[in-house]
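Working notes, structure below.
The values are calculated or read from the model by the stated rules, or taken from the named source; none is laboratory data. Small disclaimer: the values here were computed from a predicted structure and weren't measured. Please note: Cβ atoms are built from the backbone with ideal geometry, for glycine as well, and neighbour counts cover all protein chains shown.
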Amino acid sequence: MSAAPRPWDHLISEEEKKAYRAAGFGRPTGIGQRPALLIIDVQYRTTGTERRPFWDSIKEFPTACGEPAWDAIANIAKLLALFRERGCTMGLSRSGRAPAPAPGARTGSRWG
C-alpha cells in the first residue's frame with residue numbers, strides 16, 4: 001500500500017523518492033532512548049494573551065491564531081506533564097518581548 005499523494009510529489013524526481021525510501025525516510029521510527037520535547041512559537045504574538053475568537057485575537061496581535069492556538073496549548077500542556085513525569089528533556093524557543101508572566105507561571109531558561 002502506498003502513501004497518499006502529497007502536494008509536492010511532482011517536484012521530486014522518482015530517483016530521489018527511491019533514494020528516500022532506501023534511506024528509510026517516511027517510515028515510523030519510534031521515539032528513541034532519549035526523547036526531547038521542543039516547544040516553538042507558543043508566544044503571545046501567536047496565541048494572544050487569552051482565548052478569543054480569531055477576529056478578536058488579531059486586534060491584540062495581528063499574528064495571533066485565536067482559539068485554535070489555545071486548543072494547541074491544552075495539548076502541549078498534556079505533553080509537558082508527560083515529559084516532566086518521565087524526566088525527559090524539554091526546550092522552549094522564545095523571541096521578542098512578552099507581557100509579564102501569569103501569576104505562578106514557571107519562568108527561566110530551563111524547564112523541568
From the list 12, 40, which one is in contact (Cβ under 8 Å) with a residue 24 or more places away in the chain and either out of contact with any Gly (no Cβ under 7 Å at 6 or more places or on another chain) or under 29 Å from residue 87 (Cβ atoms) (or both)?
40
Only one of (1) modelled with pLDDT of 90 or more; (2) closer than 29 Å to residue 4 by Cα; (3) exposed (fewer than 14 other Cβ atoms within 10 Å of the Cβ) is not met by residue 69, so which one is it?
(3)
Could you list, in sequence order, all residues of segment 9-62 that are small (Gly, Ala, Ser), closer than 22 Å to residue 76 by Cβ, at pLDDT 90 or above and in a loop (DSSP other than H, G, I, E, B)?
48
For segment 79-95, name all the residues that are surrounded by 10 or more Cβ atoms within 10 Å (Cβ to Cβ) and part of a helix (DSSP H, G or I).
79, 80, 81, 82, 83, 84
Scope segment 40-59; condition exposed (fewer than 15 other Cβ atoms within 10 Å of the Cβ) and of a type outside the set (Lys, Arg); matching residues
40, 41, 42, 49, 50, 53, 54, 55, 56
